[in-house]
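Peer 1: My structure is below; once you've seen it, I'll send some questions.
The values are calculated or read from the model by the stated rules, or taken from the named source; none is laboratory data. In this text, all values refer to a predicted model and were calculated from it rather than measured experimentally. Virtual Cβ from ideal backbone geometry, glycine too; neighbours counted across all protein chains shown.
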Amino acid sequence: MDLLIVGAGFFGLTVAERAAAAGRKVMVIDRRHHIGGNAYSEDEPTTGIEVHRYGAHLFHTSNPTVWEYVNRFTTFTSYVHKVYTNHHGVVFPLPINLGTINQFFQAAFTPDEARAIVRESADEFDAKSARNLEERGIGLIGRPLYEAFIRDYTAKQWQTDPRDLPAEVISRLPVRYTYDNRYFNDTWEGLPTDGYTAWLERMADHPNIEVKLGVDYFDDTQPLHKRATVGQVPVVYTGPVDRYFDYAEGALSWRTLDFEEEVLEVGDFQGTSVMNYADAEVPYTRIHEFKHFHPERADRYPTDRTVIMREYSRFATREDEPYYPVGTAEDRAGLLAYRRLVEGEHDVHFGGRLGTYQYLDMHMAIGSALSMWSNRLA
Ligand code: FAD
Ligand code: UDP
């Protein structure tokens, strides 16, 4: 074995694929019983509808290197992601655009009129110097739209008052003065034509790659554990950075999600793939309806049944799957301390979302794995 990779998610598999293609023998271990990390999907057995096990995953990128690379393993459908939100029982388009604004104010504003209305209601705060998410939100879209679509949704999602959240969280959400309601701004987007798992399996399908599932790196009873391998073989570690160091600098905080899946005896539950629920009274943040991710599979999917998944958000304990880094001031200090420990670790390369405590989309995880391979490992 020339390289041990801990974690069979997109980061680990990208490094594995590159190393194998360069003639190295690679061992990949994962404590889960499947490859793919959080991007894993499988067909719901009674309907055959592809379900993303760890929450809906939409592929999008503007990085030509990543786009060329991923197209070696899969083709993509022409799916374009759109999201709607239910506020007080009425459905509005997201991200906030001219359609949302006009529907909300029951008006027919032109783009300039809408800009003026928003500016007027946004002058309490300057978005650029906002000290927290609430100030940034109000500075960007004004108080009425902020209170309707952002405040309670954000509080539900982060279980934290938006006044205690960093302003950056909201910067990801574009505001448009046209009727364009594409959720992402990227050059390329789509879903893998025959599913995420087929894509991920093709990445791992090389005679130089061996994958062992159900193997925890910190389990001393299995031969590939941390103490037996560090210093003996180069290691790429994509698990949680704090766990690697046994929480020596404290536990970093994460949000986790609970998913409630249901097969319904109706052909179409909500008419779209993702419906957000903006109000505090509804306990879940959104409902996914998976058949709408693949309209091109209409002739294969049942017409009288559908699979939905309600998503609930909460703080993660050590036993939960960590999904979103929270990034409080304390977490940022902890992360700096862990980065110093990482530097002292001989020939162990930390990558991916958990290994770097960064919210990476798939294209970012793949892009940073390609860089790690060519800049540090090759
Ligand atoms: P992971 O996929 O988390 O893989 C890490 C692997 O390491 C896991 O399989 C884990 O089991 C394994 N591991 C951890 N500890 C150990 C251990 N001790 N021993 C052995 N194995 C271990 N990205 C997008 O581009 N678009 C989206 O729409 C999108 N939606 C998302 C929705 C949700 C709910 C979540 C959580 C993420 C979403 N992402 C999305 C992000 C995407 O999941 C990540 O970019 C991608 O999974 C990162 O890959 P990774 O390899 O870094 O991490
Ligand atoms: N957001 C919101 N209302 C919505 C959708 C998003 O307030 O209906 C905010 C919320 O704070 C969220 C952020 O915008 O954390 C980013 O949204 P996105 O959909 O990108 O979040 P994801 O769930 O993909 O991380």
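Peer 1: Kindly evaluate Val274 against the criterion of being buried (at least 20 other Cβ atoms within 10 Å of the Cβ), outside the structural domain of Glu147 (by TED's automatic domain parsing) and touching a strand residue (DSSP E or B) at 6+ places or on another chain (Cβ under 9 Å). Don't jump to the end; show me each part of the working.
Peer 2: Values: buried (at least 20 other Cβ atoms within 10 Å of the Cβ): yes; outside the structural domain of Glu147 (by TED's automatic domain parsing): yes; touching a strand residue (DSSP E or B) at 6+ places or on another chain (Cβ under 9 Å): yes.
So Val274 fits the description; yes.
Peer 1: Are there any pairs, at least 6 apart or on different chains, whose C-beta atoms fall under 6 Å, with the first in the stretch 212-233 and over 14 Å from Arg31 (Cα atoms) and the second surrounded by fewer than 16 Cβ atoms within 10 Å (Cβ to Cβ), and if so, which?
Peer 2: Gly231/His346; Val233/Met1
Peer 1: Another question, if that's okay. If you go through the stretch 298-315 one residue at a time, how many are of a type outside the set (Phe, Trp, Tyr), surrounded by fewer than 18 Cβ atoms within 10 Å (Cβ to Cβ) and within 24 Å of the chain's Cα centre (by Cα)?
Peer 2: Here the count works out to 2.
Peer 1: I would also like to ask the following. Can you run down the residue pairs with Cβ atoms below 8 Å, 6 or more apart or on separate chains, where the first is in the stretch 319-333 and under 20 Å from Asp361 (Cα atoms) and of a type in the set (A, V, I, L, M) and the partner is outside any loop (DSSP other than H, G, I, E, B) and more than 12 Å from ligand 2 (Cβ to nearest atom)?
Peer 2: Within 8 Å, the pairs are Val326/Trp254; Val326/Phe315.
Peer 1: Still on this structure, please answer the following. How many of the residues in the stretch 225-264 are among the charged types (D, E, K, R), under 21 Å from the mean Cα position of the chain (by Cα) and within 30 Å of Lys291 (Cβ to Cβ)?
Peer 2: In the first step, residues of the stretch 225-264 are kept if they are among the charged types (D, E, K, R); the result is 226-227, 242-243, 246, 249, 255, 258, 260-262.
Pick out the ones that are also under 21 Å from the mean Cα position of the chain (by Cα) and you get 242-243, 255, 258, 260-261.
Applying the additional criterion that residues be within 30 Å of Lys291 (Cβ to Cβ) yields 255, 258, 260-261.
Qualifying residue count for the region: 4.
Peer 1: Return the only residue of Phe73, Phe104, Phe109 being assigned to a loop (DSSP other than H, G, I, E, B), hydrophobic (A, V, I, L, M, F, W, C), surrounded by fewer than 19 Cβ atoms within 10 Å (Cβ to Cβ) and touching a residue at least 24 places away in the same chain (Cβ under 8 Å).
Peer 2: On the way: Phe104 fails: assigned to a loop (DSSP other than H, G, I, E, B); Phe109 fails: touching a residue at least 24 places away in the same chain (Cβ under 8 Å).
That would be Phe73, the only listed residue that is assigned to a loop (DSSP other than H, G, I, E, B), hydrophobic (A, V, I, L, M, F, W, C), surrounded by fewer than 19 Cβ atoms within 10 Å (Cβ to Cβ) and touching a residue at least 24 places away in the same chain (Cβ under 8 Å).
Peer 1: Enumerate the strands (runs of 3 or more DSSP E) found wholly within the stretch 225-283, keeping only those where 1 or more residues are within 16 Å of ligand 2 (Cβ to nearest atom).
Peer 2: So the answer is 254-264, 274-277.
Peer 1: Return the only residue of Ser129, Ser121 being closer than 17 Å to Ile101 by Cβ, over 18 Å from the mean Cα position of the chain (by Cα) and polar (S, T, N, Q). If you could, list the steps in order and put the result at the bottom.
Peer 2: Details: Ser129 fails: closer than 17 Å to Ile101 by Cβ.
Exactly one residue qualifies, and that residue is Ser121.
Peer 1: Here is a check on your reading of the model: is Gly23 more than 16 Å from ligand 2 (Cβ to nearest atom) and within 22 Å of Glu261 (Cβ to Cβ)?
Peer 2: Working: more than 16 Å from ligand 2 (Cβ to nearest atom): yes; within 22 Å of Glu261 (Cβ to Cβ): no.
When the stated conditions are applied, Gly23 does not pass them.
Peer 1: Restricting to the stretch 3-62, name every residue that is of a type in the set (Lys, Arg) and either touching a Phe, Trp or Tyr at 6+ places or on another chain (Cβ under 7 Å) or on the phi > 0 side of the Ramachandran plot (or both).
Peer 2: Filtering the stretch 3-62 down to residues of a type in the set (Lys, Arg) leaves 18, 24-25, 31-32, 53.
Scanning the stretch 3-62 gives Arg18, Arg53.
Peer 1: Looking only at the stretch 285-325, which residues are closer than 24 Å to Phe59 by Cβ and in a loop (DSSP other than H, G, I, E, B)? Quick ask: steps written out before the conclusion?
Peer 2: Taking the stretch 285-325 as the starting set, the residues that turn out to be closer than 24 Å to Phe59 by Cβ are 285-301, 306-311, 313, 321-325.
Residues satisfying the conditions are Thr285, His294, Ala298, Asp299, Arg300, Tyr301, Glu321, Pro322, Tyr323.
Peer 1: Select, from Glu210, Glu168, Glu189, Glu201, the only residue that is in contact with a His (Cβ under 8 Å, 6 or more places away or on another chain) and among the acidic types (Asp, Glu). Please lay out each step first, then the result.
Peer 2: Working: Glu210 fails: in contact with a His (Cβ under 8 Å, 6 or more places away or on another chain); Glu168 fails: in contact with a His (Cβ under 8 Å, 6 or more places away or on another chain); Glu201 fails: in contact with a His (Cβ under 8 Å, 6 or more places away or on another chain).
After ruling out the rest, the residue left standing is Glu189.
Peer 1: Just to verify a result, which residue in the stretch 47-95, among those that are out of contact with any His (no Cβ under 6 Å at 6 or more places or on another chain) and of a type in the set (A, V, I, L, M), is farthest from Tyr277 (Cα to Cα)?
Peer 2: Across the stretch 47-95, the extreme among qualifying residues is Val70.
Peer 1: Got a number for residues in the stretch 293-308 being out of contact with any Gly (no Cβ under 8 Å at 6 or more places or on another chain) and either within 24 Å of His87 (Cα to Cα) or not hydrophobic (A, V, I, L, M, F, W, C) (or both)? Step through it out loud before you land on a result.
Peer 2: Of the residues in the stretch 293-308, the ones out of contact with any Gly (no Cβ under 8 Å at 6 or more places or on another chain) are 293-299, 307-308.
Narrowing further to those that are either within 24 Å of His87 (Cα to Cα) or not hydrophobic (A, V, I, L, M, F, W, C) (or both): 293-297, 299, 307-308.
Number satisfying all stated conditions: 8.
Peer 1: Condition check: acidic (Asp, Glu), more than 14 Å from ligand 2 (Cβ to nearest atom) and either out of contact with any Ser or Thr (no Cβ under 6 Å at 6 or more places or on another chain) or not in a helix (DSSP H, G or I) (or both). Does Glu120 satisfy that?
Peer 2: In short, yes.
Peer 1: So which residues in the stretch 39-53 are near ligand 1 (Cβ under 6 Å from one of its atoms) and surrounded by fewer than 19 Cβ atoms within 10 Å (Cβ to Cβ)? Spell out the reasoning first.
Peer 2: If we filter the stretch 39-53 for residues that are near ligand 1 (Cβ under 6 Å from one of its atoms), which is where we start, we get 39.
Within the stretch 39-53, no residue meets the criteria.
Peer 1: Go through (1) surrounded by fewer than 14 Cβ atoms within 10 Å (Cβ to Cβ); (2) farther than 30 Å from Tyr277 by Cβ; (3) aromatic (Phe, Trp, Tyr) one by one and return the number of the condition Phe350 breaks.
Peer 2: Failing condition for Phe350: (1).
Peer 1: So which residues in the stretch 130-159 are at pLDDT 90 or above and on the phi > 0 side of the Ramachandran plot?
Peer 2: Gly142 - this is the single residue of the stretch 130-159 that is at pLDDT 90 or above and on the phi > 0 side of the Ramachandran plot.
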